[in-house]
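Engineer: Take a look at this one; I'll ask things after.
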Amino acid sequence: METDYLIVGAGAAGLAFADTLVDETDAAITLVDRRTEVGGHWQDAYPFVRLHLSSALYGVNSTPLGDDQRQTSGRNAGFYEQATGAEVCAYFDRVLHERLEASGRVTFLGGHDHLGEDGAGAQAVRDLATDRVIHIQPRRRVVDARYLEASVPATHRPSFTVAGDVRCVPVNDLPRCVDDHDHVTILGGGKTSFDACLWLLDHGVEPDDIRWVRPREMWLTDRAGMQPLDDVGTLMDGLSRETEACAELDRPVDILERLEELGRFLRIDETRLPTRWVGTMVSRPEVDSLRTITDVVRLGHIASIEADLLSLTDGEVPSRRGSLYVDCSAAGLNQNPPRPVFTGDRITIQNVRHNSPSFNAALIAWVEARREEHDKNRLTAPNRYVSDADDAIGVHCRSWMTEATWRQDRELSTWIDASRLNLTHGLRDHLAEPVARAGTQRYLETVGAAVARHQDAVHALFG
Ligand SMILES: Cc1cc2nc3c(=O)[nH]c(=O)nc-3n(C[C@H](O)[C@H](O)[C@H](O)COP(=O)(O)OP(=O)(O)OC[C@H]3O[C@@H](n4cnc5c(N)ncnc54)[C@H](O)[C@@H]3O)c2cc1C
């Protein structure tokens, strides 16, 4: 079998890449995925998961996700809609059939495992239903859209042991199991654990009946400052506060505290200094609810669970017999080290602008289609997901340096401005608003100084 591009992984990254390639080239594309359906980790998501960013900024470039409506009730009332996991899956399914396959140039091989190069210059792919191996010859590139594959509770292997008389379930099973228990212990301190705690509170579980094993405190981004579309001016203002703080301050902790004072960042426990920052987004009402859970265990990562004892990396605590343990400890975002995006006949889709996975995949496809070989890596310097407060500044500066190269490329800038996946999409239409104008000006005035001040942080992370 021959194709122009063989894309391995049909999650958000593979689909966003294919979608832009369909627009920008006449190439034939084959997408393969072990899963039988497209959408990647969303296929295994827990039932109450939602996007934490607005739907307006997620998915593939050609096709809006949702209707850009504001939420009218709940803890995110007033904010732009955030699709549920089921809505994301339905959206990607529609994109596959009505957009990609309808182009006549895209073939999806679901339930197929990519095995690698077959020794004869082709790529070997195994049909998991029949075990038959197909050999695919990509005329142009192999696209690795699984390098940042997400780790989710349903599919990860917990790193702790559980005694036989203890019930510990992945968060996916929480709704099914919760009624059998009068106490719940949430394991993990990331976004999934927030969702699990909020779900419990919404379903009438008293805060005192919840214990939360939270290894590290996190800096959280206030969702109010990351609203797109009509609120893009405020969003730009917030981004410019980040460049301004980095231009004026050295230590990450000082930068983060400044941004907290400005209302951009939050923490659940204001008496403790967070060390973790992965870009998790929350609303203030969500944080208020999470603060009602006061039985928080902070003794590092869980090592073992017995009926009467919890052992953690930094100590032990008695545990409540009969508690339902809910595993929210999957890593989520993938911290594979950055590597060049374009190498020979391979493209490895990665972060370029931090924490913008859909945008990055679409941008890399645009660069592949529109730019000369020697320019491609310059425009797509690989970045990482932010993982803690210390590396956050280096990651942000790396994005800002790359954005500066984009601004020198008029055609690329025009594409970025028009992309629905771009965080500041539509900003030009709002520049008459004082907050948008001031934010843009502040960003442009401070970003160079921010990058210059933190060159060491960039070098420490990226060499
Ligand atoms: C709970 C959760 C919520 C999130 N919310 C947001 C959000 O609101 N906004 C945002 O921008 N980002 C969000 N993210 C970040 C998320 O990582 C991206 O949105 C994106 O879905 C990741 O897509 P991916 O294609 O890189 O990885 P995946 O979705 O993991 O897809 C990789 C695919 O590769 C396939 N694969 C792997 N190896 C092989 C092989 N050898 N052969 C064939 N197939 C293979 C896998 O089966 C999988 O389907 C969230 C992440 C999580 C976990």
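Engineer: Please compute the length gained on full extension between Arg272 and Ala163, using 0.36 nm multiplied by the number of residues separating them and subtracting their Cα-Cα distance.
Structural biologist: Using 0.36 nm per residue and subtracting the Cα-Cα distance, I get 36.0 nm.
Engineer: While we're on this one: Please arrange Leu21, Leu239, Leu229 by counting, for each residue, the other beta carbons lying within 10 Å of its beta carbon, fewest first.
Structural biologist: Going from least to most buried by this count: Leu229, Leu239, Leu21.
Engineer: Which length gain, in nm to one decimal place, applies between Arg34 and Asp68 when the Cα-Cα distance is subtracted from 0.36 nm times their residue separation?
Structural biologist: That pair, Arg34 and Asp68, stretches by 9.0 nm at full extension.
Engineer: Let me ask something else. Using r as the Cβ-Cβ distance of Arg176 and Leu115, and R0 as 41 Å, what FRET efficiency do you calculate, to the nearest 0.05?
Structural biologist: 0.70
Engineer: Ala307 to Asp295: extension gain in nm, 0.36 nm per residue of separation minus the Cα-Cα distance?
Structural biologist: Full extension of this stretch gives 2.6 nm more.
Engineer: To continue, here is another question. Long-range amide H contacts for Asp388: which residues qualify at under 5 Å (H placed 1.01 Å from N, peptide plane, sequence gap of 5 or more or a different chain)?
Structural biologist: Trp277
Engineer: Between rounded, prolate and oblate, where does the stretch 138-203 land on the alpha carbon gyration tensor, with a ≥ b ≥ c its root eigenvalues, rounded for a/c under 1.5, else prolate if a/b exceeds b/c?
Structural biologist: prolate
Engineer: When the Cα centres of the stretch 372-399 and the stretch 286-362 are compared, how far apart do they sit, in Å?
Structural biologist: 22 Å
Engineer: While we're looking at this one, here's another question. For the stretch 330-347, take each phi angle, set θ = phi - 60°, evaluate the Karplus expression 6.51 cos²θ - 1.76 cosθ + 1.60, and give the result in whole Hz per residue in order, putting x for glycine and proline.
Structural biologist: 4, 5, x, 6, 9, 9, 3, x, x, 9, x, 6, 10, 9, x, 9, 10, 10
Engineer: If you wrap a convex hull around the Cα atoms of the chain, how much volume per residue is inside, in Å³?
Structural biologist: Here the figure is 156 Å³ per residue.
Engineer: Run through the DSSP bridge list for the chain and note the antiparallel percent, rounded to the nearest 5.
Structural biologist: Antiparallel bridges: around 40 percent, rounded to the nearest 5.
Coordinate-derived values only; no laboratory data. As the structure is a prediction and not an experimental result, all values here were calculated from the model. Reconstructed Cβ throughout: ideal geometry from the backbone, glycine too, with neighbour counts over all protein chains shown.
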